[in-house]
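Student: Take this structure, written in structure tokens, and hold onto it; I'll ask about it next.
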Amino acid sequence: MFKQLQHLETAFQYVKRLSFAALGLSFLLMLYAVWTVRQSAEESASKVYVLAWDKLLEAQASPRAAFLDVELRDHIRMFHHHFFSLSPDEKAINRQLEKALYLADRSAKETIDNLREKGYYSQLVASNIQQELIPDSVVLDTSVYPYHFSYFGKQRIERSSSIVIRSLITEGRLREVQKSDNNPHGFLIQNWKTIENLDLEVIKR
């Protein structure tokens, strides 16, 4: 009888250890499964699919910070292009300036209003003047928010009698805003001002 009880106790201990081992193994398997699913979800979230020319292409998503400089520079160039590249057509000028105003705050609006009061845009149309911006470089400081920038470029102003090349240096700051169709990068230029705009060369025609 005593030996039988000993056998039962030994069997119970064996079953108990086996049960704990099975539970431990199940727990480890569960953790592994959760980790695997999470990794798969993160990898899937980082994949972007682009439909181009009727083909589905896979692209890799990256954190915005990785391309911050690129987005900031493009936003600055877009704004200056819309603001300074103008044709001698009133409607075309208004469209360009409207696009520029989506990318900047009231500092740009005040500049446009001042130029309108001086008859600058009317003179472009009346004298059939073509104005083109030639970009040079953009200097950025992303260590402090809002981000400071300096823009360097040239203006090519084509009149019937001459072509004028002017220097252009502006500066301002950039803050983040909601992205939209009119502001695809989601930045807004603020405290924008022209530092230099001087004649470099006059070519007679």
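Student: Modelled label-to-label distance, S167 and D181, 7 Å Cα→beta-carbon offset: nm?
Tutor: My value for the distance between the label points is 4.2 nm.
Student: Okay, next question. How high is the relative contact order of the stretch 65-205? Use alpha-carbon pairs under 8 Å, at least six apart in sequence, and give a whole percent.
Tutor: About 23 percent, as a whole number.
Student: Pairs to check: K91/K118; K154/K179; K109/K204; K109/K154. Give those whose C-alpha atoms are more than 27 Å from each other in this structure.
Tutor: Values: K91/K118 18 Å; K154/K179 29 Å; K109/K204 33 Å; K109/K154 21 Å.
As for pairs spanning more than 27 Å Cα to Cα, those are K154/K179; K109/K204.
Student: Taking the highest mean first, how do the peptides 70-76, 111-117, 80-86 order by number of other beta carbon atoms within 10 angstrom per residue?
Tutor: The most tightly packed comes first, giving 80-86, 70-76, 111-117.
Student: Within 13 Å, Cβ to Cβ, of S160, how many net charges do the neighbouring residues add up to if Lys/Arg are +1 and Asp/Glu are -1?
Tutor: Net charge in that neighbourhood comes out at +2.
Student: Read phi for every residue in the stretch 137-145 and hand back ³J(HN,Hα) as whole Hz from Karplus 6.51 cos²θ - 1.76 cosθ + 1.60, θ = phi - 60°, with x for Gly and Pro.
Tutor: Rounded to whole hertz, the list is 7, 10, 9, 10, 10, 9, 6, 10, 9.
Student: For F67, what accessible area in Å² do you get when you roll a 1.4 Å probe over the heavy atoms of the protein chains, rounding to the nearest 10?
Tutor: Its heavy atoms expose roughly 110 Å² to the probe.
Student: Would you mind getting the Kirkwood hydrodynamic radius of the stretch 91-155 from its Cα pairs, rounded to one decimal in Å? Intermediate values should be presented prior to the final figure.
Tutor: On the way: mean 1/r = 0.0716 Å⁻¹.
Answer for the stretch 91-155: a Kirkwood hydrodynamic radius of 14.0 Å.
The values are calculated or read from the model by the stated rules, or taken from the named source; none is laboratory data. Since this is a predicted model, take the numbers as computed values, not measurements. When we count neighbours, we look across all protein chains shown, and the Cβ atoms used for this are built from the backbone with ideal geometry, even at glycine. Accessible surface areas use protein heavy atoms only, side chains included; no ligands, DNA or RNA. Shrake-Rupley method; radii C 1.70, N 1.55, O 1.52, S 1.80 Å.
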